[in-house]
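To keep things clear, I will list the structure first and then write my remarks on it.
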Amino acid sequence: MAGKKKDGGSDAVLTFRLPRALHDRLVEVTAGRSVSEEMRRRLEGSFSPSVLGSEDPRFRDLLIAIGHAAAAAAKMPFQREVPYRSEGGGRGIDDDKTPYVAFRRAVISLMDSFEPDGPRLASDETLIRLTDQLVGLALGALGDRGLAAFTNRVRVGEEPRDRSRAPARAMAPKNRNRGHEEGA
């Protein structure tokens with residue numbers, strides 16, 4: 001329906017229909033805001049750069065490529081409720097995560113492809129702290145979903161585990177012999 005002006009104010013009042021499922025999803029993610037505020041926030045966001053960080057030329061193409069890889073991985077077929085045998089010998093049933101594993105490997109390959117030349121000046125300790133900060137920022141932006149993802153991270157002092165039930169190094173990153181991967 002067309003928008004109507006309410007008492008001559010600066011905001012236009014719109015009336016339109018929304019599928020119930022979409023409305024329910026909006027209610028679920030409002031984080032204390034009203035559904036109208038959430039809709040306004042998302043609509044305004046659709047007019048800003050589509051990828052956060054895309055204003056930095058060092059990351060623009062990488063972020064766009066990763067976004068395309070994520071969209072393609074989300075469309076990949078997979079099997080639901082696949083029986084499997086766990087490392088401890090037990091049995092389980094879960095969805096096939098081939099699309100996720102393929103996406104992870106694609107991201108690593110894309111990052112290798114877009115890696116800039118030059119040295120890495122930060123020490124290993126500093127790099128670990130910076131990495132943790134970036135992960136914290138990224139997961140924090142997702143709210144409760146980010147907190148749930150955080151619980152899947154490796155605990156301090158534990159060895160990383162291969163959650164794909166497949167060889168962890170099936171695709172090793174290419175060796176560039178640039179000398180910036182070793183310490184500072």
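The values are calculated or read from the model by the stated rules, or taken from the named source; none is laboratory data. No experiment lies behind these values; they were computed from the predicted model shown. Methodologically, a virtual Cβ is constructed for each residue, glycine included, from the backbone with ideal geometry; neighbour enumeration extends over all protein chains shown.
Beta carbons closer than 7 Å, at least 6 apart along the sequence or on distinct chains, pair a first residue in the range 107-126 that is under 19 Å from ALA71 (Cα atoms) with a second that is surrounded by 11 or more Cβ atoms within 10 Å (Cβ to Cβ) and of a type in the set (Gly, Ala, Ser) for VAL107/ALA69; LEU110/ALA65; LEU110/ALA69.
Going by the structure shown, is ALA102 under 26 Å from PRO83 (Cβ atoms) and either at pLDDT 90 or above or assigned to a helix (DSSP H, G or I) (or both)? So ALA102 passes the test.
Here's the yes/no breakdown for (1) β-branched (Val, Ile, Thr); (2) on the phi > 0 side of the Ramachandran plot; (3) more than 22 Å from the chain's Cα centre (by Cα):
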residue	(1), (2), (3)
ASP61	no, no, no
HIS68	no, no, no
ALA71	no, no, no
GLU81	no, yes, yes
GLY89	no, yes, yes
ILE108	yes, no, no
SER113	no, no, no
ARG120	no, no, yes
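ARG169 fulfils the conditions (1) modelled with pLDDT under 55; (2) among the basic types (Lys, Arg); (3) surrounded by 10 or more Cβ atoms within 10 Å (Cβ to Cβ) except for a single criterion, (3). Just for the range 31-65: of the residues that are modelled with pLDDT of 75 or more, among the small types (Gly, Ala, Ser) and not in a helix (DSSP H, G or I), which one is farthest from ASP117 (Cα to Cα)? Taking the candidates together, the pick is SER34. Taking the conditions exactly as written (among the hydroxyl-bearing types (Ser, Thr, Tyr), in the same structural domain as GLY146 (by TED's automatic domain parsing) and more than 19 Å from the chain's Cα centre (by Cα)), does THR126 satisfy them or not? Judged against the criteria, THR126 is a match. When each of GLU87, GLU125 is tested for being of a type outside the set (Phe, Trp, Tyr), under 20 Å from ARG153 (Cα atoms) and part of a loop (DSSP other than H, G, I, E, B), the lone residue that passes is GLU87.
Taking the criterion of being in contact (Cβ under 8 Å) with a residue 24 or more places away in the chain and surrounded by 15 or more Cβ atoms within 10 Å (Cβ to Cβ), the residues of the range 71-101 that qualify are ALA73, LYS97, PRO99, TYR100, VAL101. Can you say whether ARG120 is surrounded by 10 or more Cβ atoms within 10 Å (Cβ to Cβ) and at pLDDT below 80, as far as the supplied structure shows? No: the conditions fail for ARG120.
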